[in-house]
Amino acid sequence: MRSKNWSGVAIASMVATVACLGLRAANGVGFPAAQRVWFETGFEPFEGYDTALDLGGQNGWVALGNGGNGILPGPLAGFDGQVAYVGFVAPNPADDLLNVFRPVALMPVSGDLPLITFTVSFEIFDSTEAAPYFDDFRWSAYNTREERLFTLDFDNSALEVNFALDDAKGFVATGFKFSPNEVYDLRITLNFARNLWTADINGAVVVNGRPITTKGSKLDLNEIDAVWAIRDPAKPGNNFMVFDDYRITVLPVREIPSSVEWVGQLANGTGIVRVLGEPGVQYVLEASGDLRVWHEMGSSLAQFPGGIAEFQDPGAGSANARFYRAHGAP
């Protein structure tokens, strides 16, 4: 029997306030008991990072293209110590892309370790009047054959979050926006066993259950790049992205932990709850009024694409408080 993969607990009060507790469990209730850190860095001096040098060329980092990249000394609000950056200094000669990455050559062939999680904190700083143009900053995943698998894009002109797969269909809007000069925590989870990836920002899922590859590319991970995508090489902005706490971990679980969202109530008080999980997985929703006694509310199949399973809770309207959790059915 497959162990239960509990999702986060959604709390819905009947005064229409909603919160999520960060309990995105992976093995039973709670966090993964064991995870392997494959690579991590905080870009600190004790790790050998030098603020006088480009990031590309330090500690195995590679820069493809030219333009601003390096290490900034602290303190910077929202970060601890030194941070890395891409952008700001215009490429010379003019170029439209700068990719900075650290190869990790992670090939998940073991059946025990099918999930990989990438986390990073980042902030995008706007262009100034000296170069009042706005570019894109991205996080792009590549396999060991240097094939781009997917990209999460931050459009600093429209302030929109987009994604692209390897299907040559271009960027797709997520419906989420971001603000410059604000720190965000990004998490991307890849399930190579099922060819799926999910991304959340500050705990909010922005891309869910999308294919890592749509065309049969090799399913492994060589790198996740910080990218400066310049819209017009003749007019690059001096906007830039800083990032810190860059970490890649391997998790001993079988599926990407799902998340639970409170959608709202119908006129008769019935609650609508959404589980964001993996397409094709049957999810069971449970509800509680006190976090001690839980009752099954039914099961639903997460749909293709997107991995969304929806539930109705007729008892939500009469409850003083309602808590939800979900897990994949055995």
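The values are calculated or read from the model by the stated rules, or taken from the named source; none is laboratory data. Every value quoted in this text rests on a predicted model; they were computed, and no experiment measured them. Here the Cβ is made from the backbone with ideal geometry for all residues, glycine too, and neighbour counts use every protein chain on show.
Things to note:
- Just one residue in the set S300, S318 is among the hydroxyl-bearing types (S, T, Y), over 30 Å from E47 (Cβ atoms) and surrounded by fewer than 20 Cβ atoms within 10 Å (Cβ to Cβ); that residue is S318.
- Search result, residues across the stretch 249-296 that are in contact with a helix residue (DSSP H, G or I) (Cβ under 8 Å, 6 or more places away or on another chain) and not β-branched (V, I, T): Q265, N268, G269, G271, A287
- Filtered by the rule that a residue be more than 19 Å from R148 (Cβ to Cβ) and buried (at least 22 other Cβ atoms within 10 Å of the Cβ), the stretch 191-204 gives no residues.
- Residue check, L186 crowded, with 21+ Cβ neighbours inside 10 Å and within 21 Å of G307 (Cβ to Cβ): no
- Qualifying residue in the stretch 94-110 (condition: among the hydroxyl-bearing types (S, T, Y) and at pLDDT 90 or above): no
- Residue that is at pLDDT 95 or above, farther than 25 Å from N92 by Cα and part of a strand (DSSP E or B), where the choices are F39, F46: F39
- Any chance S127 is surrounded by fewer than 21 Cβ atoms within 10 Å (Cβ to Cβ), of a type in the set (G, A, S), outside the structural domain of G280 (by TED's automatic domain parsing) and within 28 Å of G81 (Cα to Cα): yes
- One residue from N99, N66 being in a strand (DSSP E or B), out of contact with any helix residue (DSSP H, G or I) (no Cβ under 9 Å at 6 or more places or on another chain) and assigned by TED's automatic domain parsing to the domain that holds L159: N99
- Residue match in the stretch 300-321 (condition: of a type in the set (V, I, T) and at pLDDT 85 or above): no
- Unmet criterion (only one of (1) small (G, A, S); (2) modelled with pLDDT of 95 or more; (3) surrounded by 19 or more Cβ atoms within 10 Å (Cβ to Cβ)) for G67: (2)
- Some residue of the stretch 207-222 being buried (at least 22 other Cβ atoms within 10 Å of the Cβ), under 30 Å from E44 (Cβ atoms) and over 15 Å from the mean Cα position of the chain (by Cα): yes
- Within the stretch 254-271, considering residues that are surrounded by 23 or more Cβ atoms within 10 Å (Cβ to Cβ) and aliphatic (A, V, I, L, M), the one nearest to the chain's Cα centre (by Cα): I256
- Long-range neighbours under 6 Å by Cβ, at least six apart or interchain, first residue surrounded by 14 or more Cβ atoms within 10 Å (Cβ to Cβ) within the stretch 92-109, second among the aromatic types (F, W, Y) and not in a strand (DSSP E or B): R102/W61; P108/F192
- In the set (1) within 22 Å of the chain's Cα centre (by Cα); (2) at pLDDT 95 or above, I230 fails one condition alone, (1).
- Here A77 does not qualify as in the same structural domain as I224 (by TED's automatic domain parsing), farther than 25 Å from R36 by Cβ and at pLDDT below 90.
- For N238, the criteria (1) at pLDDT 95 or above; (2) buried (at least 16 other Cβ atoms within 10 Å of the Cβ); (3) part of a loop (DSSP other than H, G, I, E, B); (4) in contact with a Leu (Cβ under 6 Å, 6 or more places away or on another chain) hold in every case but one, which is (4).
- Filter pass, R231 being assigned to a loop (DSSP other than H, G, I, E, B) and either within 30 Å of A130 (Cα to Cα) or in contact with a Cys (Cβ under 6 Å, 6 or more places away or on another chain) (or both): yes
- Hey, I11 surrounded by 12 or more Cβ atoms within 10 Å (Cβ to Cβ) and modelled with pLDDT of 70 or more or not: no
- Sub-6 Å Cβ pairs linking a first residue in the stretch 38-64 that is closer than 13 Å to V86 by Cβ to a second residue that is among the aliphatic types (A, V, I, L, M) and assigned to a loop (DSSP other than H, G, I, E, B), at least 6 apart or interchain, are W61/L55, ordered by first then second residue.
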